[in-house]
């Protein structure tokens, strides 16, 4: 029998892009099963000759070993026949992105530099950053959706990079798998002892935010498929109420995101006037504030129990006046929302400064008195450039020897 080992081509669907990525994903000779849906796993099994009568059972077995047990080798799948395991191993892998470097902040935040498998045209391999933010009652994983970014937001370190390419669903799910590997977050796993983790017996990864490198709604299909896998109750099992997709304002895809994912929405607003937002978030020139807020008001499932989070970075002398606070309240009238105030995280070369703490508190009080929650986000991971707006591969300028040393350290941790 001739075996056909193709996987579905997610890239075939048209994508809405602000800029064309420099490269496209090229799958390795042996693709990974990580990130495949049940339907795609069924296609894989059909391609290697599994009889249709066995497909449903085999899919369920693979799903369990992938997303419940976190298997990294086919020979760990003891409920799968040896013959099928051997055939799968000939044509596929269970590979995740490779950890090149790991940094642990003094506050317990972890940042991983991840190298993506596959071929590419550039001189350097494709790399992204993923951040884990632990607290006593939860652990939040911040995922990237693109290699680089297309938006060039003035205050964001990640935005200074060029957009190389979109991530696949497998590469997005792979970030979750890597985090759970490193945190001992699978059944029988051992958590690390060098950082804060949720209380004993709790899951290490309880929350997911699409707030890393890239604009999620410019890579819609892959992000959607990845988040549905993450939320599957028979697999990774992260509640949709604990998954947040953050966008800088790709208005046409906001309603679609709500309808097709059902996750929580966050919007990077940062200004109350188009002229200023055009400067801070250049995407505003294409989708101005009025159009963006109309899309937010139409977000499926929007209610007081499922509010939209509006992110607002506090920039000294730029957007932090009391007049700005009052205008923000007026702008969001009628939208079930909370406003997340983010102290600006400085990065090398920026011209912006963080607002004074007293000014941030006064700004927050104006919003709170108008009936909106206005928490001030506690900066996390600043010492490892893992905080909001800081993600950018710090290894780009390292020598080959330094990169090899970082890789060796990550492998021995």
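Quick check on packing: order 334-346, 49-61 by the mean number of other C-beta atoms within 10 Å, highest mean leading.
Result, highest mean Cβ count within 10 Å first: 334-346, 49-61.
How much length is gained on full extension from residue 186 to residue 162, taking 0.36 nm per residue of separation minus their Cα-Cα distance?
Details: separation 24, 0.36 × 24 = 8.64 nm, distance 3.52 nm.
Contour length minus the Cα-Cα distance gives 5.1 nm.
Just rank 205, 366, fewest to most, by other beta-carbon atoms within 10 angstrom.
The most exposed by this proxy come first: 366, 205.
Report the Cα centroid-to-centroid distance between region 123-138 and region 280-319 in angstrom, as an integer.
25 Å
Figure the gain on full extension for residue 26 and residue 373 (residue separation times 0.36 nm, minus the Cα-Cα span) and round it to one decimal in nm.
Stretched out fully, the residue 26 to residue 373 stretch lengthens by 120.5 nm.
For the pair residue 241 and residue 259, how long in nm is the line joining their label points, each one 7 Å along Cα→Cβ?
Those two pseudo-labels are separated by 2.5 nm.
Once label points are set 7 Å from the Cα along Cα→Cβ at both residue 304 and residue 124, what is their separation, rounded to one decimal in nm?
A separation of 5.0 nm, rounded to one decimal place.
Just grab the label-to-label distance for residue 338 and residue 193, each label 7 Å out from Cα along the Cβ direction, in nm (one decimal).
3.6 nm
Between residue 273 and residue 331, what length in nm is gained on full extension when 0.36 nm per residue of separation is reduced by their alpha carbon distance?
Extending this stretch completely gives an extra 19.9 nm.
Quick note: the coordinates plus some simple rules give every number you see, no bench work behind them. Nothing here was measured: the structure is a model prediction, and the numbers come from that model. Reconstructed Cβ throughout: ideal geometry from the backbone, glycine too, with neighbour counts over all protein chains shown.
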